[in-house]
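Each remark here refers to the structure printed beneath this line.
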Amino acid sequence: MDLRKLKTLIDLVSESNISELEIAEADGKVRIVKGPGYAPVTAPASSPTFSVAAPAPTRSAVAAPEVKIETGHIVKSPMVGTFYRSAGPGSDAFVQIGSVVKAGEPVCIIEAMKIMNEIEADSGGTIREILCENGQAVEFGQPLFIIE
């Protein structure tokens, strides 16, 4: 299930008197339960706590999907906009995989409303992975880089 859709469902349960919601689709099932005693799912402190059950496997599933667990520090987008790896067309990228960066060093640009916003590393280390393509639209909080 799409993460945006899951977030929308969690918000729906949070803002209503519904204490439990279960959705079944062709690719699986999700169950959201609101109430005391459940582990919180990344939600603001003022929101009720939730428990989100893992999607149930479908009958047609032959093998379990591969789950990729990321390690290291994730640099996330602070805004909605367009991701650029360099300061301009034809310029060298700020960082490459394997580049060593210091906290505060620019790693990319996000264009929002025709303003170029330089995004800085919030942690020092080595760029292990670049998670966006040049010119790709990004959302607030979307992972951009993994730094080890």
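The values are calculated or read from the model by the stated rules, or taken from the named source; none is laboratory data. The shown structure was predicted, so the numbers you read here are calculated from the model rather than taken from an experiment. Virtual Cβ from ideal backbone geometry, glycine too; neighbours counted across all protein chains shown.
Scanning region 82-93 for residues that are touching a residue at least 40 places away in the same chain (Cβ under 8 Å) and either among the polar types (S, T, N, Q) or touching a Pro at 6+ places or on another chain (Cβ under 6 Å) (or both) returns Thr82, Ser86.
Residues in region 94-115 that are under 21 Å from Ala137 (Cβ atoms) and either part of a loop (DSSP other than H, G, I, E, B) or touching a residue at least 24 places away in the same chain (Cβ under 8 Å) (or both): Phe94, Val95, Val107, Cys108, Ile109, Ile110, Glu111, Ala112, Met113, Lys114. From the list Ser19, Ser51, which residue is at pLDDT 65 or above and out of contact with any helix residue (DSSP H, G or I) (no Cβ under 7 Å at 6 or more places or on another chain)? The unique qualifying residue is Ser19. One residue is enough: does region 124-135 have a residue meeting the conditions under 16 Å from Ser86 (Cα atoms), free of Cβ contacts under 8 Å to residues at least 12 places away in the same chain, in the same structural domain as Ser77 (by TED's automatic domain parsing) and part of a strand (DSSP E or B)? Looking through region 124-135, none of the residues is under 16 Å from Ser86 (Cα atoms), free of Cβ contacts under 8 Å to residues at least 12 places away in the same chain, in the same structural domain as Ser77 (by TED's automatic domain parsing) and part of a strand (DSSP E or B).
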